[in-house]
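Trainee: Take this structure first; my questions come after.
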Amino acid sequence: MIEKPIPYGHQNINDEDVQAVVAALKSDYMTQGPLIRQFEIDFAKYLGVEYACMVSNGTAALHLCAMALDIKPGDKIITTPITFVASANGFRYQGAEVVFCDIDSKTFLMDLDKLEQILKASPKGTYKAVVPVDFAGYPIDEEKLRRLADEYGFAIVVDACHAPGGSFVDSKGEKQMIGNCKYADFTVFSFHPVKHIATGEGGAITTNRKDLYDKVVLFRTHGITKDPALLDTSDGGWYYEMQELGYNYRITEMQAALGISQLKRLNWSIQRRNEIAKKYDEAFKGMVVKTPFRQVGVTHAFHLYVIQVPTDKRKGLYDYLRANNVNSQVLYIPVHTMPYYRQFGWKKGDLPVAEDYYSKCLSLPMFPTLTEEEQDWIIAKVKEFFNL
Ligand SMILES: *Cc1c(COP(=O)(O)O)cnc(C)c1O
């Protein structure tokens, strides 16, 4: 028996991380200092994007994107039901009406053909933003989404909280890092401990659009600016203006220090996650357990390793693994079936592919420090459950 329960995800903190945080604590700044700026520069460089704005968490990042896009009460946006609730909530904070688009049965990501049907059914410009999620670490087809965005007139906000370090190859044969915003207007990330880069709480927004970047920076700090170029007037060196109603969505220097240090191991994390995925793939080949979809040219970031099992076996497997110290997880309960979203008329039965996915899915432990012994144990217990 494995002694300690194996979680489905876990942060990896090493001595270098600890020293970086200690150094930040001993510096002159705890917030609004040089490390936040450094983290932004490093992250933008890693992704190959013009601008990165670090914020307090991924949910705040989504909210800031909605604000920068001037989403107003009653504006419509489209997202996927197979995501964490924050993808939708970030836009609800601005009063948006959230429309859920069903998922693709292979990738479990927003089905872009169904998206097109939704778009076609209303006049152009009806939907202000589309918020796909790179679920589990698999990239949405951003190129196709860009074509739709240009035709129907919406902004693309990719929720890539599962996918830093992932990439895809576009139709021109060029590798595109997720978050480089070649096709998207905004991409958002989270640095929650279960995600690839852990800063406790934390998030990032990336964009190549200066107009949008300036807005998220302003809204991140109360709508206050000291930038001489943006001020109406000036009474002196102390002068600042509050130009919009913003929030305090800042990250701290200690978190930025941790983020800078963690970013250096992102490639290693992706590589380890892919090794773990390959071992799971091979172990379950030909079994009733369905393994994740793979595509040549895609670097899957593998935030999650999601298997599909027959609906009538899923709870049994979950309980069996738990009894054997393997904490698998069911991700996600379709957002449109949440009581909060049901008040807007959404109900079970509306999105059959997502609901079918939910009845079969199980996320097995996936994090870079999962040991060989632990993974062997997990695989053995899954097979044992199915009497194989
Ligand atoms: C984690 C996550 C978020 C929210 O991030 P927080 O940093 O926890 O606020 C949003 N969307 C998805 C898909 C996530 O996994």
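The values are calculated or read from the model by the stated rules, or taken from the named source; none is laboratory data. Small disclaimer: the values here were computed from a predicted structure and weren't measured. All Cβ positions, glycine included, derive from the backbone under ideal geometry; neighbour counts span all protein chains shown. With ligands, DNA and RNA removed, areas are computed over all heavy atoms of the protein, side chains included. Shrake-Rupley method; radii C 1.70, N 1.55, O 1.52, S 1.80 Å.
Trainee: Among the residues that make up the stretch 272-284, is at least one of them under 27 Å from K360 (Cα atoms) and within 16 Å of the ligand (Cβ to nearest atom)?
Mentor: Step one: of the stretch 272-284, the residues under 27 Å from K360 (Cα atoms) are 272-284.
Adding the requirement that they be within 16 Å of the ligand (Cβ to nearest atom) leaves 273.
Within the stretch 272-284 (the criterion being under 27 Å from K360 (Cα atoms) and within 16 Å of the ligand (Cβ to nearest atom)), the answer is yes, since at least one residue qualifies.
Trainee: Given the criteria under 18 Å from F168 (Cβ atoms) and away from the ligand (no atom under 16 Å from the Cβ), does A149 qualify?
Mentor: Working: under 18 Å from F168 (Cβ atoms): yes; away from the ligand (no atom under 16 Å from the Cβ): yes.
So A149 passes the test.
Trainee: Related question: As an exercise: evaluate E116 against (1) more than 13 Å from the ligand (Cβ to nearest atom); (2) buried (at least 24 other Cβ atoms within 10 Å of the Cβ) and give the number of the one condition it does not meet.
Mentor: That leaves (2) as the condition not met.
Trainee: Still on this structure: How many of the residues in the stretch 122-156 are among the acidic types (D, E) and either surrounded by 20 or more Cβ atoms within 10 Å (Cβ to Cβ) or within 22 Å of I82 (Cβ to Cβ) (or both)?
Mentor: Start the filter on the stretch 122-156 by keeping residues that are among the acidic types (D, E), which leaves 134, 141-143, 150-151.
Next cut, either surrounded by 20 or more Cβ atoms within 10 Å (Cβ to Cβ) or within 22 Å of I82 (Cβ to Cβ) (or both) only: 134, 141-143.
Here the count works out to 4.
Trainee: If I filter the stretch 226-238 for residues that are in a loop (DSSP other than H, G, I, E, B), more than 16 Å from the ligand (Cβ to nearest atom) and touching a Pro at 6+ places or on another chain (Cβ under 8 Å), do I get at least one hit?
Mentor: Let us first name the residues in the stretch 226-238 that are in a loop (DSSP other than H, G, I, E, B), namely 226-238.
Adding the requirement that they be more than 16 Å from the ligand (Cβ to nearest atom) leaves 226-238.
Then keep just the ones that are touching a Pro at 6+ places or on another chain (Cβ under 8 Å); that gives 234.
Scanning the stretch 226-238 turns up at least one residue that is in a loop (DSSP other than H, G, I, E, B), more than 16 Å from the ligand (Cβ to nearest atom) and touching a Pro at 6+ places or on another chain (Cβ under 8 Å).
Trainee: So, of the residues in the stretch 73-104 that are under 19 Å from S122 (Cβ atoms) and of a type in the set (V, I, T), which turns out to be farthest from the ligand (Cβ to nearest atom)?
Mentor: V99
Trainee: Follow-up question, since we're still on this one. Taking the stretch 44-74 as the region of interest, how many residues are open to solvent by less than 30 Å² (accessible area, probe 1.4 Å) and either in a helix (DSSP H, G or I) or basic (K, R) (or both)? If you could, list the steps in order and put the result at the bottom.
Mentor: The initial filter retains those residues of the stretch 44-74 that are open to solvent by less than 30 Å² (accessible area, probe 1.4 Å), namely 44, 47, 49, 52-56, 58, 60-68, 71.
Still in the running and either in a helix (DSSP H, G or I) or basic (K, R) (or both): 44, 47, 58, 60-68.
Number satisfying all stated conditions: 12.
Trainee: Please go through the stretch 1-20 and pick out each residue that is open to solvent by 50 Å² or more (accessible area, probe 1.4 Å), aliphatic (A, V, I, L, M) and farther than 16 Å from R272 by Cα.
Mentor: M1, V18
Trainee: Out of the residues in the stretch 166-199 meeting the condition of being in a loop (DSSP other than H, G, I, E, B) and among the basic types (K, R), tell me which one is surrounded by the fewest Cβ atoms within 10 Å (Cβ to Cβ).
Mentor: If we filter the stretch 166-199 for residues that are in a loop (DSSP other than H, G, I, E, B), which is where we start, we get 166, 170-174, 178-185, 191-199.
Applying the additional criterion that residues be among the basic types (K, R) yields 172, 182, 195.
Details: K172: 7, K182: 15, K195: 22.
Only one residue tops the list, namely K172.
Trainee: Is it the case that T207 is within 19 Å of C53 (Cα to Cα), within 16 Å of the ligand (Cβ to nearest atom) and of a type outside the set (D, E)? Lay out the reasoning, then the answer.
Mentor: Details: within 19 Å of C53 (Cα to Cα): yes; within 16 Å of the ligand (Cβ to nearest atom): no; of a type outside the set (D, E): yes.
For T207, the condition - within 19 Å of C53 (Cα to Cα), within 16 Å of the ligand (Cβ to nearest atom) and of a type outside the set (D, E) - is not met.
Trainee: Also: Looking only at residues in the stretch 318-330 that are under 26 Å from the mean Cα position of the chain (by Cα), in contact (Cβ under 8 Å) with a residue 60 or more places away in the chain and open to solvent by less than 50 Å² (accessible area, probe 1.4 Å), which one is nearest to K114 (Cα to Cα)?
Mentor: S328
Trainee: Open to solvent by 10 Å² or more (accessible area, probe 1.4 Å), among the charged types (D, E, K, R), without any contact (Cβ under 8 Å) to a residue 12 or more places away in the chain and part of a loop (DSSP other than H, G, I, E, B), is that true of K315? Lay out the reasoning, then the answer.
Mentor: Numbers: open to solvent by 10 Å² or more (accessible area, probe 1.4 Å): yes; among the charged types (D, E, K, R): yes; without any contact (Cβ under 8 Å) to a residue 12 or more places away in the chain: yes; part of a loop (DSSP other than H, G, I, E, B): no.
Criteria not met by K315.
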